[in-house]
Amino acid sequence: MIWAVLQFPGSCDERDALHACEVHGDGARLIWHESRDLDGVDGVVVPGGFSYGDYLRAGAIARFSPAMEAVAEAAEAGAPVIGICNGFQVLCEAGLLPGALLRNAELRFRCHQVELIEEGTGERLSIPAKHGEGRYYAPEEMLDRLEANGQIAYRYADGHNSNGSVRDIAGVTNERGNVLGLMPHPEHAVDPLTGSTDGLRVFDRVGRVAA
Amino acid sequence: MTVETPKYRELGLTDSEYELIVEKLGREPNDVELAMFSLLWSEHCAYKHSRKLLGRLPTEGERVVMGPGENAGAVDVGGGYAVAFKVESHNHPSAVEPFQGAATGVGGILRDVFAIGARPIAILDSLRFGELDSVRSRHLLDGAVRGIGHYGNSIGVATVGGEIYFEEPYEHNCLVNAMCIGFAKTKDMVRAAAAGVGNSVVLMGASTGRDGIGGASVLASAELGEGDEAKRPTVQIGDPFEESKVLECCLELLEKGLLVSLQDLGAAGLTSSAGEMASAGGVGIDIDVAKVPLREADMEPFEIMVSESQERMLAVVEPERVAEVRAICEKWQTGSAEIGEVTGNGLVRILRDGATVGEMPVEALVDGCPLYDLDPAEPEGWIYGNRATLSEGATAAEELLALLAAPSIASKRWAFEQYDSIVGSRTVRRPEQAEAAVLQLPESGNAIAVSIDGNGRRVAADPYAGTIEAVLECAQNLACVGAEPLGLTNCLNFGNPEKPTGAWQLDRAVSGLADACNALGVPVVGGNVSLYNEGPDGPIYPTPVVAMVGELPDASKVGGNGFAREGDAIGLIGPFEPNLAGSELAKQRGELKMGLPQPDVAAVAAACEVVRDAVRAGKLSSAHDVSDGGLACAAAESTIAGALGCQINLEPLRERGCSPEEALFGEGAGGFLVSGDRATLEDLGAALLGEVAGEAIEIAAGDRSLSVPLADAERAWRSLNLA
């Protein structure tokens, strides 16, 4: 499987995502935000960072980029798409995922290792999180619908929901399941030397659903 | 009749300096020239009170790729790669406006590193504030931490370590020292010297506004006093997004070999970058201010030349490559303008639409500032205050908890969790997981470790010994992760060098730095000096912040600082002879005074080697440098980090002549608290102190024996939180 990793001005984790994709799949390439051509890849990662500086609302400008038009088409065609952190915010802004991400409840950026529970399997993952605007929010009836549809992908384990996300939600998918967004950073958990390899299981999950 | 203060004095120049400028020019300087001279002849740019002392420092070594004088120092890490690093102060701007002051401090140090063609891979910071019970200090701490996080997180460079101390003398003059580490292919690195008469001078990045005008002379080279709010317009505003684009743009330009040289615009803006590039290259430079992209149309030439607007870089480019350079700037959506050219006349000429508005010999402007000898005199005694905060009848257990809860010793998790410490996928040890930050370098197949240290209180007690201790603490921290020192940089934060005590502190500290580096064989590859750090109540503690970079062959061998295995033996390695002088306990008892024992550098170096080799061979379960709060605090920290208790007997220290109190809480260089197999520790020559066991910190120390439950210790140690 070949991955594309989008690169916006202000992206921070695109090289980490590229590396993670190389570890997980058969290769990866960076796609510049002005390109509408995803170069025939199998899946897309919208990486973390502060696209276009995020001085407006996180992800609000990136969603209008040419590359995001290509991502929307790929998602529509059923290709796996992962939005991580800022990428999750971009996918929500673009309407490819439900809900929104608000400022952390404690109003501070926080970088720490968190534990996630994969919905369905109950698998526990240790993955770092680092964000200032990661409090997942959606209206109650939408949340009920997401739960009924199986669109909740990951929840924070007990004691790990430090940003105040509603119903402990850390990651959600679209209805079809091929588009996943999550705040914690699986691309930073692919090497035992830097902490854990649990992030690879997130890539696996998307590949599995899309396959 | 009113006597007007001459303009040059308002700009910080003395009468004799002004006379010298007139002599060198052969005439009175005009306003543009005066503004430029006042900045380049400021302490901040000319190092006029410190340069003579800095000549004592050893700067050469086999692994040195770039030394002092470049935008950053760099050392060879093998495989054709180099690691660049530099630390710089942004003290006075942070005292006036902590968020932007600290943020732009980070922005500035990042530019220094990518200016030599290295990709920034890590940030560390060394911060000093007044005591946390002061509202001002809490405000400054909160703002500085947010500012560092804002800039570093947004630009995607990991903040991997640092230190924070809280002491009364920093109340009005906090210290914000930021360090950046960069990684480069040695062949792609570039120097700052302008070259090639006829080459174009291209200004890249943000446009130029009125922010930060006069920052170097007004803020950085004078004491802080009342009414500093009026100086707020001299603090620059940072834009990490702009910098991230400029950074990527510059690295792409360098990788494609399109630049002759590159320099960042920091203090004194275009004036210093153009002047220093010309000076380093032995050439002249013409700048046409009408070609500089401006934020406000009506800026005067002198304002354009001295503006400290952030996120700007100056490059020398061969004329036929300018179009290509500008196209890459456009790709990265950042500005570029051809604003001048390199000349052969040895002059810095400022033009406006082709007409000359200022003309000065490079030599006079950049290198003509007189260098002063200091007039040092040792103070009669302790010139700083004493404030007892510990009740007199406190038990040893109460003392341990008070020390662990002291903000300078307590966990800084509250602060460092506000920083992205992992972006870049190099961070093998995150903050507080080990004694030094460890970063893997898959490209060169090894790893580096970085430590930054400097205990101002101890330096105040003895500037010579205290500075040696700062160097040794860095070396010890590196040893704890198995790293061998490659190079050192520093930021000398001191008070007014024109006062005898300030001069004495600076003089003795530089000698200590030189002697320690010589004895360890570690070259000084760069540095920064911040003087005039004084408030209405007097000078700061003299604070040499020392940062050391070391190399380790295999990052997978690095352990942590926490006890790791029940039943492990605990031992002490090194020539540690703890003493209460200058210690955290002496501070809390209000018993600070002059004097520290003199460290035995050679013996500490030998102990570092023992620990380093043992860590590299994977022989130790944990390694912790003994520093603030002494052995008892080191043991508590290893206990908390490993969630395993310890049972220790300090008899071996009593045999070295220490009192129970000194053995528990005394400080000094040369101690490593390690854990591992008993036989291994014996082989290493460790003094055996006890074992990893139980759920408490139990320390037998004669009539000062103590037992503190792990949970209580952890609660005290985790008490630093501004929420």
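The values are calculated or read from the model by the stated rules, or taken from the named source; none is laboratory data. From a predicted model like this one, the values you see are computed outputs, not experimental measurements. Here the Cβ positions follow ideal geometry from the backbone for every residue, glycine too, while neighbour counts run over all protein chains shown.
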Original post:
If we keep just the residues of region B:548-581 that are within 14 Å of chain A (Cβ to nearest Cβ) and part of a strand (DSSP E or B), which is surrounded by the most Cβ atoms within 10 Å (Cβ to Cβ)?
Top reply: B:Leu552
**OP:** Kindly establish whether B:Val65 is of a type outside the set (S, T, N, Q) and in a helix (DSSP H, G or I).
**Re:** no
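Results for (1) touching a Cys at 6+ places or on another chain (Cβ under 7 Å); (2) farther than 20 Å from B:Pro539 by Cβ; (3) touching a residue at least 24 places away in the same chain (Cβ under 8 Å); (4) within 14 Å of chain A (Cβ to nearest Cβ), shown as yes or no for each residue.
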| site | (1), (2), (3), (4) |
| --- | --- |
| B:Pro376 | no, no, yes, no |
| B:Gly381 | no, no, yes, no |
| B:Ala394 | no, yes, no, no |
| B:Pro407 | no, yes, yes, no |
| B:Arg413 | no, yes, yes, yes |
| B:Asp420 | yes, yes, yes, yes |
| B:Val423 | yes, yes, yes, yes |
| B:Ala434 | yes, yes, yes, yes |
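Each row is one residue, and each column tells you yes or no for (1) among the small types (Gly, Ala, Ser); (2) outside any strand (DSSP E or B); (3) under 20 Å from A:Leu200 (Cα atoms).
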position	(1), (2), (3)
A:Ile127	no, no, yes
A:Lys130	no, no, yes
A:Tyr136	no, no, no
A:Met142	no, yes, no
A:Leu146	no, yes, no
A:Tyr154	no, no, yes
A:Ser162	yes, yes, no
A:Gly177	yes, yes, yes
A:Leu180	no, no, yes
Original post:
Quick check: is even one residue across region B:469-481 modelled with pLDDT of 95 or more, surrounded by fewer than 24 Cβ atoms within 10 Å (Cβ to Cβ) and not assigned by TED's automatic domain parsing to the domain that holds B:Phe672?
Top reply: no
Original post:
Restricting the search to region B:567-621, which residues are under 23 Å from B:Gly456 (Cβ atoms) and among the polar types (S, T, N, Q)?
Top reply: B:Asn579, B:Ser583, B:Gln588, B:Gln598
Subject >> Options B:Glu318, B:Glu296, B:Glu255: the member that is at pLDDT 95 or above and more than 22 Å from B:Phe37 (Cα to Cα) >> reply: B:Glu318
Subject >> Close pairs (6 angstrom Cβ cut-off, 6 or more residues apart or separate chains): more than 11 Å from chain B (Cβ to nearest Cβ) and free of Cβ contacts under 8 Å to residues at least 60 places away in the same chain in region A:121-137, surrounded by 22 or more Cβ atoms within 10 Å (Cβ to Cβ) and of a type in the set (D, E, K, R) anywhere >> reply: none
**OP:** For region A:60-80, state whether one or more residues are in a strand (DSSP E or B) and modelled with pLDDT of 95 or more.
**Re:** no
Original post:
All but one of (1) more than 30 Å from A:Gly159 (Cα to Cα); (2) within 14 Å of chain B (Cβ to nearest Cβ); (3) in contact with a His (Cβ under 9 Å, 6 or more places away or on another chain) hold for A:Met68; which doesn't?
Top reply: (2)
Subject >> Members of region B:59-71 that are out of contact with any Ser or Thr (no Cβ under 7 Å at 6 or more places or on another chain) and crowded, with 17+ Cβ neighbours inside 10 Å >> reply: B:Thr59, B:Gly61, B:Arg63, B:Val64, B:Met66, B:Glu70, B:Asn71
Original post:
Just checking, which of B:Ala178, B:Ala184 is more than 14 Å from every other protein chain (Cβ to nearest Cβ) and more than 16 Å from the chain's Cα centre (by Cα)?
Top reply: B:Ala184
Subject >> Candidate set from region A:138-170 (those that are basic (Lys, Arg) and farther than 17 Å from A:Pro186 by Cα); member that is farthest from the other protein chains (Cβ to nearest Cβ) >> reply: A:Arg145
Original post:
How many residues are assigned to a loop (DSSP other than H, G, I, E, B) and at pLDDT 95 or above when one looks only at region B:625-657?
Top reply: 8
Subject >> A:Ile84 within 14 Å of chain B (Cβ to nearest Cβ), of a type outside the set (Asp, Glu), under 15 Å from A:Val206 (Cα atoms) and under 16 Å from the mean Cα position of the chain (by Cα) >> reply: yes
Subject >> Unique match (being buried (at least 24 other Cβ atoms within 10 Å of the Cβ) and more than 24 Å from B:Pro431 (Cα to Cα)) among B:Ala701, B:Ala632 >> reply: B:Ala701
**OP:** Please state which of the following conditions A:Phe50 fails to meet, knowing it meets all the rest: (1) surrounded by 16 or more Cβ atoms within 10 Å (Cβ to Cβ); (2) aromatic (Phe, Trp, Tyr); (3) over 30 Å from A:Ser196 (Cβ atoms).
**Re:** (3)
**OP:** Please verify whether region B:331-340 includes one or more residues that are part of a strand (DSSP E or B) and β-branched (Val, Ile, Thr).
**Re:** yes
**OP:** Please specify each residue of region B:124-178 satisfying the condition of being surrounded by 24 or more Cβ atoms within 10 Å (Cβ to Cβ) and of a type in the set (Ser, Thr, Tyr).
**Re:** B:Ser126, B:Tyr151, B:Ser154, B:Thr159, B:Tyr170
Original post:
Taking A:Thr121 and the conditions (1) of a type outside the set (Asp, Glu); (2) modelled with pLDDT of 95 or more; (3) farther than 30 Å from A:Gly53 by Cα, which numbered condition does it fall short on, given that it satisfies the others?
Top reply: (2)
Original post:
Given the structure, is B:Pro485 crowded, with 21+ Cβ neighbours inside 10 Å and touching a Ser or Thr at 6+ places or on another chain (Cβ under 9 Å)?
Top reply: no
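Residue-wise test of (1) more than 24 Å from the chain's Cα centre (by Cα); (2) in a helix (DSSP H, G or I); (3) away from chain A (no Cβ under 14 Å).
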| site | (1), (2), (3) |
| --- | --- |
| B:Gln236 | no, no, yes |
| B:Lys245 | yes, yes, no |
| B:Leu254 | yes, yes, yes |
| B:Gln263 | no, no, yes |
| B:Ser272 | no, yes, yes |
| B:Gly275 | yes, yes, yes |
| B:Ser279 | yes, yes, yes |
| B:Glu308 | no, no, yes |
| B:Cys329 | yes, yes, no |
Original post:
For region A:182-211, what are the residues that are within 27 Å of A:Pro139 (Cβ to Cβ) and part of a strand (DSSP E or B)?
Top reply: A:Leu182
Subject >> Scan of region A:87-107 for residues that are without any contact (Cβ under 8 Å) to a residue 40 or more places away in the chain, within 14 Å of another protein chain (Cβ to nearest Cβ) and closer than 16 Å to A:Phe50 by Cβ, ordered by number >> reply: A:Arg103
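Quick grid of which residues meet (1) over 23 Å from B:Asp420 (Cβ atoms); (2) crowded, with 17+ Cβ neighbours inside 10 Å; (3) touching a helix residue (DSSP H, G or I) at 6+ places or on another chain (Cβ under 7 Å):
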site	(1), (2), (3)
A:Arg135	no, yes, no
A:Glu141	yes, no, no
A:Asp144	yes, no, no
A:Tyr156	no, yes, yes
A:Gly171	no, yes, no
A:Glu175	yes, no, yes
A:Pro184	no, yes, no
**OP:** Return the residue satisfying two criteria in turn: it lies in region A:29-45 and is of a type outside the set (A, V, I, L, M) and in a strand (DSSP E or B), and of such residues it is nearest to the chain's Cα centre (by Cα).
**Re:** A:Gly43
Original post:
Filtering region A:5-28 down to residues that are at pLDDT below 95, away from every other protein chain (no Cβ under 11 Å) and not in a loop (DSSP other than H, G, I, E, B), which residue is surrounded by the most Cβ atoms within 10 Å (Cβ to Cβ)?
Top reply: A:Cys21
